[in-house]
Amino acid sequence: MNYQIYTQRRRRLAEQMQAGVAVIPTAPERPRNRDSSYPYRFDSYFHYLTGFGEPEAVLVLVAGAAPKNILFCREKNAEREVWDGFRYGPEAASETFGFDEAHPIAMLDEMMTKLLADQPSLHFHRGADSAWDARAVGWLNAVRAEVRNGIAAPSAIRDVRVLLDEMRLIKSTEEIATMRRAAEISSAAHRRAMQQVRPGRHEYEIEAEILHEFRRHGAQAPAYSSIVAGGANACVLHYVDNSDGLRDGDLLLIDAGCELDGYAADITRTFPVNGRYSAAQKDVYEMVLAAQAAAIGAVKIGASWDDPHQAALKVLAQGMIDLGLCTGSVDGVLESGDYKRFYMHKTGHWLGMDVHDVGDYKKSGEWRKLEAGMVLTVEPGCYIRPGEGVPEHLWNIGIRIEDDVLVTALGCEVLTAAAPKTVAEIEATMGVA
Ligand code: GLY
Ligand code: MN
Ligand code: MN
């Protein structure tokens, strides 16, 4: 295992902390019912700094003049390993993942009292988990109890996520390579869905086709619950039932991306169940596609976070007027927010280890500027529910088109470009000449 990228990240974090002790636990296992647990997923911050995938593990990072990093993890356990599989144990974990020290997780509380003695600050994800908050207060009180022995307790608690979020926002070469692969696998899954869909099949069957493609390429899981929404279901933004039959003449909206080695892809495509867009469906589709092209065109170094959203909104507002969904001028529709009846979400979010990844969107009250190495989604849509004054031939058309975009020195790279997107590409992929 090449653990250099993780030791470098720990060093960078310690340098930015300057002093104090950071404590970063991984995620707990979550019971599903009785003896069954949900599939385990590590905490993203913890994994970003360690590469260590086992539950019941905590990273402690001491910054300052004598920096060191310590892993607390499960001990070897021959009997448990028969049931649950291999676990490293502190010694092998330390060697394999390049920690200065490693200890059994059972020693955490006792050792924290020593590690926090005479330290100025505790860097911690305060507020994320009340059990950990209580535990941290216990450590601080234990150190304070030593005051008459001349020991000082940390006087400040800092949120370690502030520094980590900024680090995670700019992706390294290794992270980009993994995200590119996650994007390729997810693009293949959307191609498969296009080829497998036909009237009479069910949303869950197509969900299974997508999962099949994720897993057969080694992706560990979907990065989020797949949305496979036929017909009017596409107008429910977080539809995840995926239980309905697919009807001739309807569209199918699929929002699905895999997680590969801790990194997410996030793709939406909307295509006709029978392989051919109707005239009305095509009109709305072309509008959303043009909005997406305008938004992607606005992704470049130095642009503001909000520029792609504004670019998409202009095209959508004009399109909604042309389609008879809104009336008046583009500026009027934008100012009144009338477009929100049909487009009620933003045009994207950061993407990385988490599908809605970490990182501030504003700095000192201003939308932040895009920088090379940032990855964001660009995902305009249009969702037309039946309603008074809404042209009836457009009812229940729900369309979103979503790609994952890396900011580069030259502008941007669409990581998910292998997922067919134009009407012609999609109809050709679906086998309709
Ligand atoms: N799939 C979640 C999103 O598009 O934000
Ligand atoms: Mn998204
Ligand atoms: Mn999505």
Q) Taking the simple approach of a point 7 Å from Cα along Cα-to-Cβ for both MET107 and LYS76, what is their distance in nm? A) 1.6
Q: Find, among the trypsin sites (Lys or Arg not before Pro) in segment 5-38, those assigned to loop by DSSP (not H, G, I, E, B) with at most 14 other beta-carbon atoms within 10 angstrom.
A: ARG34
Q.
Restricting to bridges with both residues inside segment 43-181, how much of the DSSP beta-bridge set is antiparallel, in percent to the nearest 5?
A. 40
Q | Label-zone membership for segment 298-314, site LYS362, 7 angstrom Cα→C-beta point, backbone N under 17 Å | A | 304-310
Q.
If I require 15 Å or longer along the helix axis, counting alpha carbons, and a Kyte-Doolittle average no lower than -1.0, what helices from the chain are left? Use full DSSP H segments.
A. 130-144, 173-196, 203-216, 279-297, 307-322
Q | Of GLU402, GLU166, GLU81, the one that fluctuates the most in a GNM where the chain has Cα springs shorter than 10 Å | A | GLU81
Q: Round to the nearest 0.05 the FRET efficiency obtained for HIS212 and ALA156 when R0 = 56 Å and r is the Cβ-Cβ distance.
A: 0.65
(Q) Expected output is a single nm value to one decimal: the length gained when fully extending between ASP118 and ARG247, i.e. 0.36 nm times separation in residues minus the C-alpha distance. What is it? (A) 39.6 nm
Q.
With n ≥ 4 as the cut-off for DSSP H runs, can you work out [θ] at 222 nm for the chain, using -39500 (n - 2.57) per run divided by the number of residues, rounded to the nearest 500?
A. -11000 deg cm²/dmol
Q. Given a Förster distance of 56 angstrom, what is the FRET efficiency for ALA372 paired with ASP322, based on the Cβ-Cβ distance and rounded to 0.05?
A. 0.95
Q.
Over the Cα atoms of the chain, each weighted equally, I'd like the Debye log10 I(q)/I(0) at q = 0.09, 0.11, 0.13 Å⁻¹, rounded to two decimals.
A. -0.67, -0.91, -1.13
Q: Compute the length gained on full extension between SER37 and LYS68: take 0.36 nm times their separation in residues and subtract their Cα-Cα distance, giving the result in nm to one decimal.
A: 7.8 nm
Q | Residue order, fewest to most surrounding Cβ atoms within 10 angstrom, among ARG148, ARG80, ARG126 | A | ARG148, ARG80, ARG126
Q) Cross-link list LYS114/LYS362; LYS282/LYS362; LYS300/LYS421; LYS114/LYS171; LYS68/LYS362: which exceed 30 angstrom alpha carbon to alpha carbon? A) LYS114/LYS362; LYS282/LYS362; LYS114/LYS171; LYS68/LYS362
Q: Excluding residues fewer than 8 places away in the same chain, name every one of the lysines whose C-alpha is closer than 16 Å to that of LYS340.
A: LYS314
Q. For a label point 7 angstrom out from the Cα of ASN396 toward its Cβ, which stretches of segment 356-383 have the backbone nitrogen within less than 19 Å?
A. 382-383
Q.
Show me the trypsin sites (Lys or Arg not before Pro) within segment 191-264 that DSSP assigns to loop and that have at most 14 other Cβ atoms within 10 Å of their Cβ.
A. ARG247
**Q.** Residue order, fewest to most surrounding Cβ atoms within 10 angstrom, among VAL147, VAL60
**A.** VAL147, VAL60
Q: With both partners inside the chain, how many of the DSSP beta bridges are antiparallel, as a percent to the nearest 5?
A: 80
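Which order do TYR239, TYR38 fall in if you start with the one that has the fewest other Cβ atoms within 10 Å?
The most exposed by this proxy come first: TYR38, TYR239.
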Q: Grab the beta carbon distance between PHE86 and ALA27, set R0 = 25 Å, and tell me the FRET efficiency rounded to 0.05.
A: 0.85
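Coordinate-derived values only; no laboratory data. As the structure is a computational prediction, the values presented were derived from the model and not from experiment. Positions of Cβ are generated from backbone atoms using ideal geometry, with glycine treated the same way; all protein chains shown enter the neighbour counts.
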